[in-house]
Amino acid sequence: MHRRLVEFLLLLFLAVIGVNRPALPFNATGADLIFVPLAISILAAAGFRWTWRRPDLAVAIYLLGAAPAIAISTDQRASAVELLRELYLAAIYFIIAIAAREGFARAVGKGLALGAGVLSIAGLIFIVLHRSGMMAPAPGMGEFMQLPYLGETLRLRAMTASEAMFACLLTAAVPFAIAMCTANRIRAWCAACAVMIVAAALTFSHALAGFTVAVVIAAWPLVKARRHLRRAAIAAALFAVLVLNFAATVSIRSITDEESKYTDQSNYHYGVDQGQIQIDDVTVTYSVMSYARIKQVAWRAFLEHPIAGVGLDRFHTQTIRAFEEGRLTALYREIDPHSALLGRLAECGLIGGLTLLMLWGAWAGMARDGASSPLGYAAGAALAGLVVSSLNADIMNFRFVWVLAGLLRGLQDANGMVTASGRGESDTGGTR
């Protein structure tokens, strides 16, 4: 009975982990309310028996890496609150690791896949109803935005904080749906994969680069024996990464030569500056995109404060300064870094940046060790895709990133116990 309660709470928590409702103090959501009884039930069932490993030390060092940035912060209270949020994310990591160790690993993967799948279905239904005139615009589900080259476009967010976050949630979830396509209910899971791929495309987000990488890695065992499919998959991943990151850097406004002229007349707000280059007799006019300029602001902040940064959660001081200097528009006067590593370097300096790289290295090691199991391989594929998306997203603030790391950590202990006892354990995703 107790295991059923744990599994129910686990599935419920993961099903709503990306939903940005209800809005509670300190950026909390409904998922955080569910996490409290989930953590209590898991600890009541398993206790906090823990053997410290290298990834756990990397988490602790990552948290400690923010301490100097709090000490020098101009608002130590705000920085301390941000550290508490990071401690909460670390708690998710440890609780999910215990759950996976105790045999709930498959429930973790299923919860992520089902939750993202349900949101995808709801999002696609919204788009169909809206397009048919049966439903009014709903900003929580999606809204029209002016995009470079595309003009006014309906972008899907499906009750998450943004279109990019929804794409990142799907990046975390789709590898598990792909892994389950080889198990029972193959048609249902393949349909879920298709729905998530369509939903991700309709976000029109730069995070599609990481999503494509995650899909290619997750599906690699299915295509690696087919040369043409293998080459197509690699080409698709490279194309997505290069094109979408270029689009987040500059957008071409016009190309003029002696015989013709191309002009993009989309009226979008992402451009924060204008530039022009001359190539022989061709004149190219472009807009500097906000993502590129925010990265420049972060890099300058790091160069000016290389040791401990400008203070944890104090990046806004730098964007306000950039706005006052005319380098950012009013819309981006107070904006987050939108880049995990550069944001960490800006706020926490070299100390924080190195601890983040150490943490990612530890997670990469867990992904390598867990690649022999379907669930471990799926979690590694998801994390790889999210690291690609980290170029333009603050992924370390996403709860599901820490769920993936916790799953890998729990599989380490679960597979270790399997090896020690000489028994197979199907629910951990391990091999028999």
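Bear in mind these aren't lab numbers, they're just calculated from the coordinates by the rules spelled out. Remember, it's a predicted structure, so these values are computed and weren't measured experimentally. We place every Cβ from the backbone using ideal geometry, glycine too, and count neighbours over all the protein chains shown.
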For the stretch 337-391, which chymotrypsin sites (Phe, Trp or Tyr not before Pro) pass both filters: DSSP loop (anything but H, G, I, E, B) and at most 12 other C-beta atoms within 10 Å? none
Grab the beta carbon distance between residue 45 and residue 21, set R0 = 25 Å, and tell me the FRET efficiency rounded to 0.05. 0.30
Can you pull out the trypsin sites (Lys or Arg not before Pro) in the stretch 71-158 whose DSSP state is coil and whose Cβ has at most 13 other Cβ atoms within 10 Å? none
The stretch 181-205 residues near the modelled residue 129 label - backbone nitrogen below 18 Å, point 7 Å along Cα→Cβ: 199
Which helices pass in the chain if a helix is a full DSSP H run, must span at least 18 angstrom along its long axis by Cα, and must have mean Kyte-Doolittle hydropathy not below 0.0? 2-15, 30-46, 76-99, 105-131, 163-179, 186-201, 208-223, 227-247, 340-370, 374-389, 399-421
Only four residue types carry charge here, +1 at the Cβ of Lys and Arg and -1 at the Cβ of Asp and Glu. Report the dipole size of the stretch 41-173 about the Cα centre in Debye, rounded to the nearest 20. 460 debye
Hey, what do the phi angles of the stretch 136-153 turn into as Karplus ³J(HN,Hα) couplings, whole Hz, using 6.51/-1.76/1.60 and θ = phi - 60°, x for Gly and Pro? 6, x, 10, x, x, 9, x, 8, 7, 9, 7, 10, x, 6, 9, x, 6, 9
Roughly speaking, what is the stretch gain from residue 235 to residue 261, that is 0.36 nm per residue apart minus the C-alpha to C-alpha distance, in nm to one decimal? 6.3 nm
Among 153, 74, 263, which one shows the highest mean-square fluctuation when the chain is modelled as a Gaussian network with alpha-carbon springs under 10 Å? 263
How many angstrom separate the Cα center of the stretch 302-326 from the Cα center of the stretch 199-234? 36 Å
Can you tally the net charge around residue 155? Count Lys and Arg as +1, Asp and Glu as -1, for every other residue whose Cβ sits under 12 Å from the Cβ of residue 155. -2
Among trypsin sites (Lys or Arg not before Pro) in the stretch 193-284, those in a DSSP loop whose Cβ has at most 14 other Cβ atoms within 10 Å are 224, 226
Considering the values (i) 38.8, 138; (ii) 22.3, 77; (iii) 29.0, 102, which represents Rg and Dmax of the Cα atoms in Å as calculated for the structure under consideration? (ii)
Return the calculated 222 nm mean residue ellipticity for the chain, to the nearest 500 deg cm²/dmol, obtained by summing -39500 (n - 2.57) across DSSP H runs with n ≥ 4 and dividing by the residue count. -20500 deg cm²/dmol
Taking Cα pairs closer than 8 Å and at least 6 residues apart, the relative contact order of the chain in percent is 21 percent
Most exposed first by the Cβ proxy, i.e. fewest other Cβ within 10 Å, how do 269, 206, 305, 228 rank? 228, 269, 305, 206
Fewest to most neighbouring Cβ within 10 Å: what's the order for 118, 272, 241? 118, 241, 272
